[in-house]
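Just below is one structure, and these are the notes that go with it.
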Amino acid sequence: MATVPDLKERDLRIRRTRDAMAAAKLDALLIAGKGHWWTGRGYLRYFTDFFLWGHDGLLLLPLQGAPAMTLTSPAVAQRVAARGWVTDCRGDVYIVPRIVDAIKERGLEKRRIGIAGLRFILAAGSLAELQKALPNAKLFDADNLMDKVRAIKSPLEIKQEHELWDIAKAAMDHFGELVKTAKGTPDRVIASEVTKNLWAAGARDILIFMGEQPGVTEPPQGRPLKCEDKVRFHLEICGHSGHWCELTINCAFKEPHPLETKVMEDEHLAFAEIRKMAKPGKKLADVAATFNRVMKEQGWELGKPTTHFHFHGQGMDCIERPWFAQEEPWGQTQDWPLEAGMVFSYHPRRDVLPKGQGLWSTGLNEDIVITNNGAELLSRGWNHKWRMMR
């Protein structure tokens, strides 16, 4: 049975958020959300435990008193209210007037209000409407406040993440068995066979990438699988709880090139070093530097820094802050200190392999949780290395 959070979990999240609000001297927090795969709907699910498959919304969390929420769909607003975490839910195509009503009802129209989701989620038009409707309120950017609060996962959330990984690993092991005899089978057929078990287990969204060429992975195209050299299968899954995980399986039909074997071994060595050092107080730059150091010690030339996110936060949005890229200022990395309970999608990448030889990168992709003793694998030991399809 999947772990379902109760009102105690809701109250824990609200209390932690209000503590941060009080420290920032905010009287209320206005939280923006939208039905976007990558980032946006997790803000609202965090406080409602409702899976927002579409629509825009605003949630008002006062420093004291009951929260209120508005969504662009009255019908969905009713469904959110029925879940019971936020019962004052209002629906209107234009969300700002309804949330302004809630602000005024609570006497907050002249107070200090933080806006979470200001940069990436809230529409510019909605911000302009808020400023016009609340001329006496002081509005502040609260993106960092909200992102830092939800970056620390509760014990219940960590348990939900482990449950999701158990489901994901079973699906990927199933792929590993199916692909052994999949030559000539369309990639979409194999993908559908694998993912049906995920849907049955309560998955909300699934992103699929497959590839049989180095550096080329894409959604299934209906092409027959060749199964001659290697097949890489990557899933990003939103589970029943709303949490995401990312997982890759590397399948080899013939022995990997010696350099492919070496880079795989060396990246695993770097990952082991990172797991030991990734403790509270360290920064993401320290984690990246450890990866670079180990790879250099193993004799690799790292090449130019890339725009690839080596690590990014992950939870109820597939990509959460903080994130880190080697190339600056791409993505405007947040080099925040690590804290116990942070969850990251770990997939560092540097261009170390010789060009023009058709060599495969490792595809190493894992979710880790920061603890006082270092980083732990949410997969509990998934085999990331090349699996011989014999």
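For the stretch 132-143, check the following and say yes or no: at least one residue is surrounded by fewer than 15 Cβ atoms within 10 Å (Cβ to Cβ), basic (Lys, Arg) and not in a helix (DSSP H, G or I).
There is at least one residue in the stretch 132-143 that is surrounded by fewer than 15 Cβ atoms within 10 Å (Cβ to Cβ), basic (Lys, Arg) and not in a helix (DSSP H, G or I).
Of (1) within 22 Å of the chain's Cα centre (by Cα); (2) crowded, with 23+ Cβ neighbours inside 10 Å, Glu246 satisfies all except one. Which?
(2)
Go through the stretch 149-182 and count every residue that is outside any helix (DSSP H, G or I), under 28 Å from Met388 (Cβ atoms) and either basic (Lys, Arg) or without any contact (Cβ under 8 Å) to a residue 40 or more places away in the chain (or both).
Matching residues across the stretch 149-182 total 0.
From the list Pro280, Pro329, which residue is surrounded by fewer than 16 Cβ atoms within 10 Å (Cβ to Cβ), out of contact with any helix residue (DSSP H, G or I) (no Cβ under 6 Å at 6 or more places or on another chain) and either modelled with pLDDT of 95 or more or within 30 Å of Ile190 (Cβ to Cβ) (or both)?
Result of the check over Pro280, Pro329: Pro280.
With respect to the numbered conditions (1) free of Cβ contacts under 8 Å to residues at least 40 places away in the same chain; (2) more than 28 Å from Lys8 (Cα to Cα), which one is the sole condition not fulfilled by Thr185?
Result: Thr185 passes all but (1).
Can you work out which of the residues in the stretch 301-318 that are surrounded by fewer than 18 Cβ atoms within 10 Å (Cβ to Cβ) and modelled with pLDDT of 90 or more is nearest to Ile370 (Cα to Cα)?
Leu302
Residue check: is Gln334 within 19 Å of the chain's Cα centre (by Cα), closer than 25 Å to Gly242 by Cα and at pLDDT 95 or above?
For Gln334, the condition - within 19 Å of the chain's Cα centre (by Cα), closer than 25 Å to Gly242 by Cα and at pLDDT 95 or above - is not met.
Cβ-Cβ distance below 7 Å, separation of 6 or more or different chains: which pairs start in the stretch 246-265 with a residue that is closer than 11 Å to Met389 by Cβ and end on one that is crowded, with 20+ Cβ neighbours inside 10 Å and of a type in the set (Gly, Ala, Ser)?
Asn250/Gly363
Return the residue satisfying two criteria in turn: it lies in the stretch 350-390 and is surrounded by fewer than 19 Cβ atoms within 10 Å (Cβ to Cβ) and basic (Lys, Arg), and of such residues it is farthest from Phe271 (Cα to Cα).
Arg390
If you scan the stretch 37-71, which residues turn out to be among the acidic types (Asp, Glu) and touching a strand residue (DSSP E or B) at 6+ places or on another chain (Cβ under 7 Å)?
Result: Asp56, single match.
Residues being among the small types (Gly, Ala, Ser) and buried (at least 23 other Cβ atoms within 10 Å of the Cβ): count how many of those fall in the stretch 55-66.
Number satisfying all stated conditions: 1.
Tell me, yes or no, whether the stretch 32-54 has at least one residue that is farther than 22 Å from Cys238 by Cβ, crowded, with 23+ Cβ neighbours inside 10 Å and in contact (Cβ under 8 Å) with a residue 12 or more places away in the chain.
No, the stretch 32-54 has no match at all.
Given the structure, is Lys304 part of a helix (DSSP H, G or I) and in the same structural domain as Leu198 (by TED's automatic domain parsing)?
The answer is no for Lys304.
The values are calculated or read from the model by the stated rules, or taken from the named source; none is laboratory data. Bear in mind the structure is a predicted one, so any value in this text is a computation, not a measurement. Every residue, glycine among them, receives a Cβ derived from its backbone with ideal geometry; neighbour counts consider all protein chains shown.
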